[in-house]
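The values are calculated or read from the model by the stated rules, or taken from the named source; none is laboratory data. The structure displayed is predicted, hence computed values, not measured ones. As a convention, Cβ positions derive from the backbone with ideal geometry for all residues, glycine included, and neighbour counts pool all protein chains shown.
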Amino acid sequence: MARPEPLRILLSMRNFWYVRVFESVVRSIAARGHQIHLLTGHDPDPTGAWTDYVRFVQPAYAEAPILRDRAHAVLRPLLKRTLRAAERAVPPAPELAAADKQRQAWKATVAKDSRRLIHSSSES
């Protein structure tokens, strides 16, 4: 049986201490010929902000607007980045692309005609 191609594996950890916890797993994976990349020093749970926000808008936290506002301040930029990335990932509909091309051609024509009109009126 053919040996499978080695994988490139990214392990994301909150801090470097977790490498000790997963040392046997990392060694086992490396022994099989896979490449292991460690990413440490960050929060690997990007949905934590969303979880906090959902929790702090509950009636039980009605008397804690500071917590809700703080969670909202963290969530808003994360949500904007996520939506922008999703928007860029979706290709435009062919009809929209054709309409945009037509609009750009129209703008160029109007600009050219305007320059010609201004030039001819200044010669008069």
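Structure values in brief
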item: Helices (runs of 4 or more DSSP H) wholly inside region 17-102 that include at least 3 residues being modelled with pLDDT of 85 or more and under 30 Å from A2 (Cβ atoms); result: 23-31
item: Residue tally, condition charged (D, E, K, R) and exposed (fewer than 10 other Cβ atoms within 10 Å of the Cβ), over region 59-85; result: 1
item: Count - residues of region 86-103 that are surrounded by 10 or more Cβ atoms within 10 Å (Cβ to Cβ) and either touching a helix residue (DSSP H, G or I) at 6+ places or on another chain (Cβ under 6 Å) or of a type in the set (A, V, I, L, M) (or both); result: 4
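Quick grid of which residues meet (1) of a type in the set (A, V, I, L, M, F, W, C); (2) under 21 Å from the mean Cα position of the chain (by Cα):
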position	(1), (2)
A30	yes, no
R55	no, no
A60	yes, no
A73	yes, yes
R88	no, yes
